[in-house]
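Okay, structure first, notes after.
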Amino acid sequence: MAQVNLGNTNASGLKTQGITSENPLFTNEKELPFTLVLPLDALLKDRGDKPRFYPATILYQDAAGATQTLVVQVRPRGHRRKDPTVCDFPPLLIRFPRSGTQATPFGQVEELKLTTHCLQDNYVLREYLVYKLYNMLTDMSFRVRLCRVTYQDANGKRRGSVHQAFLLEEVKAMAQRNHATVVPNRLAIGMEYTHQRAMARLAFFQYMVGNTDWSVPYRHNIRLLAPDRHTPPIPVPYDFDYTGLVMAPYAVPPEQLGISSVRQRLFRGYSFPEEIYQETRALFNARRPAFNNVYLSCEYLSNDEKAFAVRFLDEFYETLNSPKEFERSIVRAGRRNQKQYINIKGLE
């Protein structure tokens, strides 16, 4: 696809228009503590195709240290992680009251996805940090907020527990702060019809973090944003539990891809013009210190976890900066994909 000169651009290849103000929930880097009171027995049993919403209460402390109450609704969500044979505790969708939540720590929101501990807290933290990596590349990315949630059974039958979790920015809010609209999922759009600089950035990122669990035309773990009528849509990734950086115990790549572990990288993009390869390589090399710092500055990670993440990223950079390996693992792979592509309709 021919690319026009877009003038002053950001990392997405788009004109810099100035980002609208963000929800303070997602601009604060501190872990957000709150208590979620919910009917645990009913919710944990409701893992079917159409789980219902249950009344729940959020307890949080205001700026003065006083405990405040917010009445909400929650339901299990997801696909793979909703399965009780996969996760002991499913991800949740929290529906906030229509009367407004502007004065609460959650800001002005309607519904927020809460990624929960599933089996262990460390998987939550690892996935949260992959989102933070993509934030280092572009504003056209989902914001996340790390939380420490105390789960209390509304019926008093189960013991309470405390776990890390994270909240995911609403897609409409993410689009709005980027002066864009969300492309409906019913519109089938292939990689070749997206903004090619943004598509290359996403494909390189997914390769870097070891993720093959995505598809643009099937909108599997991908949303598309339309900045205007004249600019091709921008792909935005989410759901990173199948990445090599997270290594969730249930994460197994699809057989047809020919790899046995999510820690085996496989380039899933198409072929790009040489100038886009050069620009994308330069972008990732420029962001390398910031990527490493995402892990090295995280107070919740052990030294072993930090060392693993940096090593995993270093392996990507060995390929990126080796002419021979770059040609073999990315350029030739992209050409093969363009001839015969295996789309992933959805593991999640």
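Structure data summary
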{"item": "Every residue from segment 232-268 that is surrounded by 18 or more Cβ atoms within 10 Å (Cβ to Cβ), touching a strand residue (DSSP E or B) at 6+ places or on another chain (Cβ under 9 Å) and of a type outside the set (A, V, I, L, M, F, W, C)", "result": "Pro232, Pro233, Pro235, Pro237, Tyr238, Asp239, Asp241, Arg268"}
{"item": "Residue list for segment 317-340, filter: in a loop (DSSP other than H, G, I, E, B) and in contact (Cβ under 8 Å) with a residue 12 or more places away in the chain", "result": "Asn321"}
{"item": "Selection within segment 199-227 - in a loop (DSSP other than H, G, I, E, B), in contact (Cβ under 8 Å) with a residue 40 or more places away in the chain and closer than 23 Å to Glu275 by Cβ", "result": "Pro227"}
{"item": "Inter-residue pairs, beta-carbon under 6 Å, first touching a residue at least 40 places away in the same chain (Cβ under 8 Å) and in segment 22-33, second of a type in the set (Lys, Arg), 6+ apart", "result": "Glu22/Arg177; Leu25/Arg145; Phe26/Arg143; Phe26/Arg145; Glu31/Arg148; Leu32/Arg145; Pro33/Arg148"}
{"item": "Some residue of segment 291-301 being assigned to a helix (DSSP H, G or I) and under 24 Å from Arg335 (Cβ atoms)", "result": "no"}
{"item": "Failed item in (1) over 18 Å from the mean Cα position of the chain (by Cα); (2) farther than 20 Å from Arg77 by Cα; (3) open to solvent by 10 Å² or more (accessible area, probe 1.4 Å); (4) at pLDDT 95 or above, with His195 passing the rest", "result": "(3)"}
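Matching residues to (1) open to solvent by less than 40 Å² (accessible area, probe 1.4 Å); (2) without any contact (Cβ under 8 Å) to a residue 12 or more places away in the chain; (3) in contact with a helix residue (DSSP H, G or I) (Cβ under 7 Å, 6 or more places away or on another chain); (4) not aromatic (Phe, Trp, Tyr):
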site: Val144; (1), (2), (3), (4): yes, no, yes, yes
site: Gly156; (1), (2), (3), (4): no, yes, no, yes
site: Arg159; (1), (2), (3), (4): no, yes, no, yes
site: Ala175; (1), (2), (3), (4): yes, no, no, yes
site: Ala188; (1), (2), (3), (4): no, no, no, yes
site: Met191; (1), (2), (3), (4): yes, no, yes, yes
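The values are calculated or read from the model by the stated rules, or taken from the named source; none is laboratory data. Please read these numbers as outputs of a predicted model, since none were measured by experiment. FYI the Cβ positions are ideal-geometry reconstructions off the backbone, even for glycines, and counts take in every protein chain you see. Heads up: the accessible areas ignore ligands, DNA and RNA and are worked out on the full protein's heavy atoms, side chains in. Shrake-Rupley method; radii C 1.70, N 1.55, O 1.52, S 1.80 Å.
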